[in-house]
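Below is one structure, written out as structure tokens; the observations come after it.
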Amino acid sequence: MSAHRAQTLPPGLYAETAVPAIGLPPLETELRTSVVVVGGGITGLSSALHLAERGIDVVLLEANEIGFGASGRNGGHVNPGLKPDPDEVEHDFGELGRRMVPFSYAAPEALFRLVERHQIRCEARQAGTLRAATTAKTLVGLQNLAAQHAARGITATLLDASASVAATGTNRYLGILRDPSGGSVNPLGYARGLAQAAMAAGARVHVGSPAVKLSRPQASGWRVETPSGAVTADRLVIGTNGYTDDLWPSLKRSVVPLWSGITATAPLPDAILRDVMPGGGVLYELGSITVYYRVDLAGRLLMGGRSAQHAVTGPDGFRFLQSYACKLWPALAGVAWTHGWNGQLGMTPDHYPHLHEPEPDVLLALGYNGRGVAMATAMGGLIARRIGGEPVETLDMPITDIKPMPFHGFWPLAVNGRIAWGRLLDRLAR
């Protein structure tokens, strides 16, 4: 087999500011292990770490570099909960839903404690998640969500319009629900730290090693071939999310890879910083098209939202987000925007993360719908519990069948149309 030329992360703020990547080799031999994990993003890395901490021998294969996909390019928001509201989760899943809700809301706390335990240098800051209502309709939804939180003992504070101005520095929002458990990380630094923690626990990690062929050498177990080596394992985990390929049949067609982009300013002067998110935390808007943002530890504003559905680098490709930021905070006019980048998130039709077990010795996890930092970390722990012998009925997320989407090949046209329509709806509602 010919050698693989690994891609590097596109230019971006995280690539410049995260802790340096540690030198990791491609796989150039034949290995035997208990579990082989395909994908060096948060799902795969968390799985490898939690498995290794259980004393289970694990090998992780990443096609490019650690955190190459959405795990190293996302907004860095550590958000609690699932995309559907708790009432909807419990309606959809019944008794299991009543475990899914606390499991997903506990995910940020678990992440920040994991960062502390392994001393991961990733600019972690647990300063809260703010859900912001931009219209009367979304305010009603936010008030309903606050009531659902209160009924379940989930700590959150509903801010009125004036308190929202004090928290954000903009009068854009009719109300905000603040959950103190959320926060932020440098996601590339977090991914690299997870890799180091996994290796310290005994995992073997190889980059530049795409899984190009999958086979069963015997009645049980798997053989994963790379361009220059192979791994034979009792169990297989795939965690490739928005970068899923055809390694496992139909998996690629069960998720939509949706491009999301981020643009960042230079560090802002103190006079402006006092009025841009003075209450700290991370914010995402409730609307047809989500806009999300935060201020990092160096005082840069990072604005995120839907982008062109192809690779874009450099600040000039994100004028929409920059213009919107100036509407939120007019003092930003004339501020330098120094970075811009995008990447593919994994979106599912039902807006839930998907965990599949198509064979007794295979686990597949993907589709975090913008909640990937916290939920992919939690999913890795869940995968380790399942491989460690925990029965399906005690897990905190459902194991479901793979459901390929009809007409999946037309998703780029549908996504572009949905973004244009959603932005129009958001403008009309203002």
Amide H proximity to residue 31 below 5 Å, modelled H, separation 5+ or other chain, gives 230, 231, 232
Subtracting the Cα-Cα distance from 0.36 nm times the residue separation, let me have the gained length for residue 29 to residue 400 in nm, one decimal.
-> 130.1 nm
Residues whose placed amide H lies under 5 Å from that of residue 248, excluding near-sequence neighbours = none
Tell me which aspartates and glutamates have Cα within less than 13 Å of residue 213's Cα, excluding those fewer than 8 residues away on the same chain?
-> 225, 245, 246
Count charges around residue 211 for me, please; just the other residues with Cβ under 11 Å from its Cβ, Lys/Arg as +1, Asp/Glu as -1.
-> -2
Could the peptides 68-74, 276-282 be put in order, highest first, of the mean number of other beta-carbon atoms found within 10 Å of their residues?
-> 68-74, 276-282
Long-range amide H partners of residue 212, meaning residues 5 or more apart or on another chain whose placed amide H is closer than 5 Å, are 225, 226
Per DSSP H run of n ≥ 4, the term is -39500 (n - 2.57); total these for the chain, divide by its residue number, and report the mean residue ellipticity at 222 nm rounded to 500 deg cm²/dmol.
-> -9500 deg cm²/dmol
Largest-first ellipsoid semi-axes for segment 89-203, taking √(5λ) over the Cα gyration tensor eigenvalues, angstrom | 31, 21, 10
If you wrap the chain's Cα atoms in a convex hull and average its projection over all directions, what's the area in nm²?
-> 19.6 nm²
May I ask you to list the lysines whose Cα is less than 23 Å away from that of residue 83, ignoring any residue fewer than eight positions away on the same chain?
-> 137, 252, 403
Just the number, please: percent antiparallel of the DSSP beta bridges in the chain, rounded to the nearest 5.
-> 65 percent
Rounded to whole angstrom, the alpha-carbon centroid of segment 277-291 lies from that of segment 18-34 at a distance of 37 Å
Give me the net charge of residue 363's neighbourhood, meaning all other residues with Cβ under 14 Å from the Cβ of residue 363; Lys, Arg count +1, Asp, Glu -1.
-> -3
Three-way shape call for segment 1-130 based on the alpha-carbon gyration tensor, with the a/c threshold at 1.5 | prolate
How big is segment 297-373 by the Kirkwood estimate over distinct Cα pairs, in Å?
-> 15.3 Å
Using a Förster distance of 41 Å, the FRET efficiency for residue 213-residue 144 (Cβ separation, nearest 0.05) = 0.25
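Laboratory data are not the source of any read-out in this text; all were calculated from the coordinates shown. All of these numbers come straight from a predicted model, not from anything done at the bench. Note that each Cβ is placed from the backbone with ideal geometry, even for glycine, and that neighbours are counted across all protein chains shown.
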